[in-house]
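Working notes for the structure below.
The values are calculated or read from the model by the stated rules, or taken from the named source; none is laboratory data. Worth saying up front: this structure is predicted, and the values here are computed from it rather than measured. Cβ sites come from the backbone with ideal geometry, for glycine too, and all protein chains shown count toward neighbours.
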Amino acid sequence: MSSASQQTNTGIDESVDSKNALLSVSSVGFDYENAAILENVNLSVTKGEFVALVGPSGCGKSTLLNLISGVLSVRTGHIRSGEHVSRTDRIGNVSYMQQKDLLLPWRSVATNSQLGLELRGGSRSESNAQVRKLAESFGLADVLNSMPWQLSGGMRQRVALLRAVLPDNPVLLLDEPFGALDAITRSTLQQWLLNVLDTSNKAVVLVTHDVEEAILLADRVLVMTANPGQIIGEVKIDFGDSSSDAEVTTSPEFMIFKRRILDLLRVQEIAP
Amino acid sequence: MIIRGSFKAALLNWIPAVATTIALIIAWEVLVEVLDVKRWLLPPPSVIGAEIYGSFGFLLRHTQTTLVEILIGFAVSVGLAGLLASGIVWSRTVERTIYPLIITSQTVPIITLAPLLIIWVGTDIMSKVIVIVLFTFFPIVINLVSGLRYVDQEMVDMFRTLGASPWQIFRKLMIPSALPSFFAGLKVAAVVSVIGAVIGEWFGSSAGLGWLMKVAGGQFQTAKVFAAIVLLSILAMALFAAVVAMEKWSLRKYPPTANRVIRLGES
């Protein structure tokens, strides 16, 4: 957040673009083939914060991530990630893990993981060292030389996440990272993700249609509606001191959070 | 899983083709004898075999001439096709300028260009190489363009979010993804390159299997014409097999995203 970037932020509502937010999305709108996909979306995520976006399919959750990462251009509004304001500035400087693992079948786990570092022109040995350093906590230390087709779905997702986080950008976007996995693997990976991100100071945005996943992982759950995509409500998640997965998911608070989110989702279901 | 080095399996694959060929050769031999066809009209396979055996060194020298023309033509073709396809994929202007020309070039019967080429560049190897290039660059360009173009958009976006430049996307994603299509074009080119060489030699040369066919035909040495045809077929098959071997090697190194062989009817 240099002063230079603030100057280029002309026309941004200062109350929305809170200065200590790592990621700020203000009054963003997006059209596709004359249909409004997103309308007046505001969002700000601070350092170390984990925000989840839930909503029905077609509400523009993934589109929002594509806009933040810079894959798509906004029609209206502004997005700032760290000091990167323009789309061309943001692309390549926001970590983004897509729904599919998108591993290159001709690269090993190690060389797939270090793709981002390689594209930035990092030296091979240095990239390799960085992969090795994180491989242990990602549970990939033993498979670094394996090819993608030899891995399970859960492992492939972890390689994709490792590839996304290695460039060490302050903002991390996750688009249904565990959507294609079975329930048991998903639950294991959710717990693992919490541990991996626990010590990081990243601003994380998770898109999911799994309400329980959102409650379990996020500090804040934002509920979206479709046609056009808008954020209609927010539920703050706080479990106090309880830490274990089982403890949290069976607690009364969990049910209350879930109820509130489902109520928000249901309102739009009934609405004409 | 790929079963490697399984000689027996490979043999089983070839049995239907080999058996059919042998049956046809026997039928040919028998029919020529039974119907008492004149040798200069249609020699039986045994006579053609004897011809190949008898003038093997002579035939081999001409095969070599043709092979050299093909290899040079093929190399030029691949280089040219690579440049054209890259240009087409890279820039819309290049595409609009060059693509129609490439397609138009194929509507002109190449066989009519051969005599012109002889007038322009003479009867040395150059004219043959040009005819081979005209025959082979088209299937390579067309397949390469579609291979480079139909890259998974999500993969491209993933590269972009990792900060890839267009050149890096081209080199590290599009080229490896285009390999299966590239080899599909190369296989077609391998076969038609032989046709190109024969046509080039037909119109002006002093050596090569095409020249041999023309001369021997004029002298009613029909067995020699057939001998040249046999060697040309073997040459085409060998080139095809070489491309298939390269394809196998490259796809082992760069497996395609969808790497299952689907056989409808054997679900």
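Of note:
- Unique match (being within 25 Å of B:Val151 (Cα to Cα), under 19 Å from the mean Cα position of the chain (by Cα) and either part of a loop (DSSP other than H, G, I, E, B) or without any contact (Cβ under 8 Å) to a residue 24 or more places away in the chain (or both)) among A:Gly121, A:Gly92, A:Gly116: A:Gly92
- A:Thr111 fulfils the conditions (1) within 14 Å of chain B (Cβ to nearest Cβ); (2) in a loop (DSSP other than H, G, I, E, B) except for a single criterion, (2).
- A:Leu206 within 14 Å of another protein chain (Cβ to nearest Cβ) and out of contact with any Asp or Glu (no Cβ under 7 Å at 6 or more places or on another chain): no
- Test: residue in the range B:32-48 that is modelled with pLDDT of 90 or more, surrounded by 17 or more Cβ atoms within 10 Å (Cβ to Cβ), of a type in the set (A, V, I, L, M, F, W, C) and outside the structural domain of B:Ala178 (by TED's automatic domain parsing): yes
- Residues that are out of contact with any Gly (no Cβ under 9 Å at 6 or more places or on another chain) and within 11 Å of another protein chain (Cβ to nearest Cβ) were ranked within the range A:70-95; the one that is nearest to A:Ala160 (Cα to Cα) is A:Val71.
- Which listed residue, of A:Phe239, A:Phe178, A:Phe257, is modelled with pLDDT of 85 or more and either assigned by TED's automatic domain parsing to the domain that holds A:Pro105 or farther than 30 Å from A:Arg120 by Cβ (or both): A:Phe257
- Taking the listed residues A:Pro170, A:Pro177, the one that is closer than 30 Å to A:Leu64 by Cα and within 14 Å of chain B (Cβ to nearest Cβ) is A:Pro177, with no other qualifying.
- Contacts under 6 angstrom Cβ, first residue in the range B:217-246 being within 19 Å of B:Trp202 (Cα to Cα), partner among the aromatic types (Phe, Trp, Tyr), 6 or more apart: B:Phe220/B:Trp40; B:Thr222/B:Trp40
- Residue within the range B:259-267 that is assigned to a helix (DSSP H, G or I) and either within 22 Å of B:Gln64 (Cβ to Cβ) or within 14 Å of chain A (Cβ to nearest Cβ) (or both) present: no
- All told, A:Arg163 falls short of being over 21 Å from B:Gln168 (Cα atoms), in contact (Cβ under 8 Å) with a residue 12 or more places away in the chain, part of a helix (DSSP H, G or I) and of a type outside the set (S, T, N, Q).
Residue by residue, here is whether (1) of a type outside the set (Phe, Trp, Tyr); (2) within 14 Å of another protein chain (Cβ to nearest Cβ); (3) part of a helix (DSSP H, G or I) holds:
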site	(1), (2), (3)
A:Leu102	yes, yes, no
A:Gly139	yes, no, no
A:Asp142	yes, no, yes
A:Ser146	yes, yes, no
A:Arg158	yes, no, yes
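- Residues that are surrounded by 15 or more Cβ atoms within 10 Å (Cβ to Cβ), over 14 Å from the mean Cα position of the chain (by Cα) and more than 17 Å from A:Leu217 (Cα to Cα), drawn from the range A:164-200: A:Leu166, A:Pro167, A:Ala180
- When the range B:130-154 is limited to residues that are within 30 Å of A:Leu65 (Cα to Cα) and in contact (Cβ under 8 Å) with a residue 40 or more places away in the chain, the one that is surrounded by the fewest Cβ atoms within 10 Å (Cβ to Cβ) turns out to be B:Asp152.
- The number of residues in the range B:123-156 that are closer than 12 Å to B:Ser177 by Cα, among the aliphatic types (A, V, I, L, M) and within 19 Å of the chain's Cα centre (by Cα) comes to 2.
- Where helices (runs of 4 or more DSSP H) sit wholly within the range B:113-209, those with at least 3 residues that are away from chain A (no Cβ under 14 Å) and out of contact with any Ser or Thr (no Cβ under 8 Å at 6 or more places or on another chain) occupy B:125-149, B:175-203.
- Candidates in the range B:96-118 are the residues that are loosely packed, with under 11 Cβ neighbours inside 10 Å and either within 23 Å of B:Leu67 (Cβ to Cβ) or of a type in the set (A, V, I, L, M, F, W, C) (or both); of these, the one that is farthest from the chain's Cα centre (by Cα) is B:Leu101.
- Residue in the range B:247-258 that is farther than 20 Å from B:Gly73 by Cβ, basic (Lys, Arg) and away from chain A (no Cβ under 14 Å) present: yes
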